[in-house]
1. For SER557, which of the numbered conditions (1) small (Gly, Ala, Ser); (2) under 20 Å from TYR499 (Cβ atoms); (3) touching a Leu at 6+ places or on another chain (Cβ under 8 Å) fails to hold?
2. Can you tell me which residue is nearest to the ligand (Cβ to nearest atom) among those in the range 396-407 that are of a type in the set (Val, Ile, Thr) and in contact (Cβ under 8 Å) with a residue 60 or more places away in the chain?
3. Hey, can you tell me all the residues within the range 244-260 that are surrounded by 24 or more Cβ atoms within 10 Å (Cβ to Cβ) and modelled with pLDDT of 95 or more?
4. Find the residue count for the range 240-252, including only residues that are out of contact with any helix residue (DSSP H, G or I) (no Cβ under 6 Å at 6 or more places or on another chain) and closer than 24 Å to GLU128 by Cβ.
5. From the list SER225, SER267, pick out the single residue that is in a loop (DSSP other than H, G, I, E, B) and under 27 Å from the mean Cα position of the chain (by Cα).
6. Looking at TYR130, TYR120 in this structure, which one is in contact (Cβ under 8 Å) with a residue 60 or more places away in the chain, part of a helix (DSSP H, G or I) and in contact with a strand residue (DSSP E or B) (Cβ under 9 Å, 6 or more places away or on another chain)?
7. Being in a loop (DSSP other than H, G, I, E, B), within 12 Å of the ligand (Cβ to nearest atom) and of a type outside the set (A, V, I, L, M) is the filter here, so list the residues in the range 177-191 that pass it.
Amino acid sequence: MLSKGGSFLIEETDPNSIFIAEEWNEEQVMLKEMVHDFLTTELHHLPSEPDASKDLQFISGLLEKSAELGLCGLGIKKEYGGLDLDFNTGLLFSEAVAPGFSFATTIGAQTSIGSLPIVYYGTKEQKEKYLPKIATAEYKASYALTEPESGSDANSGKTKATFTEKGDYLINGQKMWITNGGFADIFIVFAKIEDDDNLSAFIVEKTFGGITLGEEEKKLGIKGSSTVQVFFNDCPVPKDNLLGDRQGGFKIALNILNSGRIKLAASTNGGSKYALSKGIQYAIERKQFDKSIAEFTAMQFKIGEMARLIFSSESALYRTGKNIDLKEQELIKNGSPENETKINALREYAIECAILKVYCSETLDYCVDETLQIYGGMGYSVEAGVEMGYRDARITRIYEGTNEINRMLTFAELMKRAFKSKELDLVKAGKKIPLKLIKSLLPFQNPTICKRIEMFKDLFLILSGHTGKLLGLKLAEEQEIVMDLADILSEIFIIESVYLRVQKLTNQKSSSKELSIKKDILDLQLYMCTNTIREKSMTIIDSLASNKNKRFLKLFSKRLTQSFDINPTFKRRKIAKYFIEKGEYSW
Ligand SMILES: Cc1cc2nc3c(=O)[nH]c(=O)nc-3n(C[C@H](O)[C@H](O)[C@H](O)COP(=O)(O)OP(=O)(O)OC[C@H]3O[C@@H](n4cnc5c(N)ncnc54)[C@H](O)[C@@H]3O)c2cc1C
């Protein structure tokens with residue numbers, strides 16, 4: 001049986017059971033190359049980035065060109081004109097398209113949030129009517145959830161749908177920050193029907209009338225992506241265009257966001273790789289003090305750190321993507337209704353999707369910042385093109401749920417599965433710990449990597465159990481503690497994924513220089529995450545001021561995060577030199 005979402009915390013995973021990025025097949029690699037060629041031909045030769053306030057036609061035309069290659073229908077079933085690729089290949093596509101400046105956001109909205117609500121929740125008639133046209137980009141799609149007064153608190157939206165005499169709807173309200181809104185033909189609109197408590201979702205065609213658009217927003221970045229306000233004034237919507245159940249819209253919005261989050265993680269992974277490669281190329285070319293700046297170890301630090309973060313986040317990303325595919329297959333085999341399988345598979349891994357959104361977007365921010373620094377003054381110039389990446393990256397910590405909201409969600413979802421739906425038996429896992437702890441207090445032994453990861457898991461269970469007991473439901477209000485716990489959980493998931501990936505490669509006996517660098521990355525990641533977990537756990541313990549067990553908790557925390565004895569500087573330099581020799585981030 002496939003592992004449950006979040007169960008990485010309490011179960012061991014067989015390295016051979018996970019998917020690793022080294023296993024992409026020929027077709028998948030070809031898809032990646034095709035996207036690369038598309039971006040080179042259509043975008044990378046442009047003198048400057050497109051600007052949605054001037055180049056709207058060019059941008060929507062690009063969507064049509066990409067559709068000719070099948071790229072707008074990757075997740076749509078063949079019977080509706082799509083390619084019906086598996087979910088993990090869809091993630092690879094998101095990675096590949098990321099260097100396409102803000103076109104990644106445009107096609108992301110088309111293929112993800114703007115169309116998946118129909119793919120997952122549409123009736124047969126709705127699918128037949130809309131999906132073929134979305135796949136060819138004859139219909140450009142958008143997703144309209146956010147409102148001026150309703151952002152993170154999405155269910156508080158004021159947009160209303162009232163019944164007409166015929167039982168159709170009239171929609172009134174205002175949506176904000178709508179990607180692709182400037183040229184969209186269809187909007188997935190979330191509104192409350194009459195006096196309902198919860199949102200419903202509708203497929204709204206622009207031609208229905210009653211829709212006006214605001215000016216293109218003047219944004220910090222992703223300037224080539226259309227973002228507008230959309231106003232609905234008595235917009236008539238046929239009753240058949242209700243998507244899913246009445247009041248089921250909030251559930252749709254949340255479930256679609258699970259998909260959006262992991263796709264964004266894949267896209268940020270692609271952006272990070274692109275940034276690092278640019279940084280490496282510039283570092284090699286740029287000479288100062290009669291040397292290439294790539295020879296300075298301060299520059300190697302940046303390159304090594306970026307490579308560590310990228311490899312680590314990627315390991316967790318495609319492990320999860322494959323699990324989503326496998327879960328879907330399992331659900332189909334068990335007779336789940338076809339319409340629900342993918343969405344339920346995604347829901348299963350909601351914790352992992354939220355972790356990945358945060359970790360990968362923060363990795364991207366680090367990479368674009370350090371790449372710009374490698375470029376020095378040139379990095380600050382528009383000419384070099386890296387300031388665009390710096391500006392574009394910033395949005396990824398805000399949309400698809402802000403990183404604060406995603407951190408909170410990570411922990412809340414884990415607690416829900418432990419104590420409400422009882423899918424994860426954290427209590428049983430926690431009960432085993434005291435004996436293990438006594439053993440951990442025995443004289444210092446050098447634990448294996450696997451053992452260390454298990455010790456982090458024990459520490460998380462101790463801290464979450466203890467804070468939960470002390471604060472009860474009030475824990476939700478102590479957001480700093482919740483966010484630190486979410487970060488510890490995230491570090492555990494990431495390091496375990498790197499470990500499993502390297503272990504799987506080692507089991508395949510693929511001894512090579514490449515594998516030896518991957519082992520160095522694993523060591524460095526373990527070193528760094530040990531420090532992070534220790535620091536965050538100490539902050540949590542110190543923040544529980546009235547805690548009489550503080551001294552013991554600190555002792556356990558130190559023991560369970562005991563130093564990993566490597567030379568991090570040596571490892572980091574070695575990793576950096578490997579990629580400098582390659583002239584790019586070559587994985
Ligand atoms: C360029 C761009 C494109 C976008 N595209 C789309 C789109 O296509 N469709 C769409 O519907 N939306 C879109 N959005 C909207 C986006 O999803 C929201 O901006 C995002 O969800 C945050 O909402 P908000 O801006 O209202 O911020 P707010 O919710 O007001 O948040 C402000 C700050 O408060 C924090 N905060 C809020 N609530 C809490 C809480 N409970 N606990 C702790 N901290 C909290 C947040 O983390 C954040 O730091 C887009 C936004 C941008 C900028």
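1. Only one criterion is unmet by SER557, namely (2).
2. Narrowing the range 396-407 to residues of a type in the set (Val, Ile, Thr): 396, 398, 402, 405.
Next, from what is left, pick out any that are in contact (Cβ under 8 Å) with a residue 60 or more places away in the chain: 396, 402, 405.
Values: THR396: 10, THR402: 3, ILE405: 5 Å.
Ranking the candidates gives THR402 first.
3. GLY249 - this is the single residue of the range 244-260 that is surrounded by 24 or more Cβ atoms within 10 Å (Cβ to Cβ) and modelled with pLDDT of 95 or more.
4. 8
5. Result: SER225 is the single residue among SER225, SER267 that is in a loop (DSSP other than H, G, I, E, B) and under 27 Å from the mean Cα position of the chain (by Cα).
6. TYR130
7. Residues satisfying the conditions are ASN180, GLY181, GLY182.
A quick yes/no check of all residues on (1) within 13 Å of the ligand (Cβ to nearest atom); (2) free of Cβ contacts under 8 Å to residues at least 60 places away in the same chain; (3) assigned to a loop (DSSP other than H, G, I, E, B):
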| site | (1), (2), (3) |
| --- | --- |
| MET388 | no, no, no |
| ARG394 | yes, no, no |
| LEU409 | yes, yes, no |
| PHE456 | no, no, no |
| LEU459 | no, no, no |
| SER464 | no, yes, no |
| THR467 | no, no, no |
| LEU475 | no, yes, no |
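The values are calculated or read from the model by the stated rules, or taken from the named source; none is laboratory data. As the structure is a prediction and not an experimental result, all values here were calculated from the model. Heads up, the Cβs are rebuilt from the backbone with ideal geometry, glycines too, and the neighbour counts pull from every protein chain shown.
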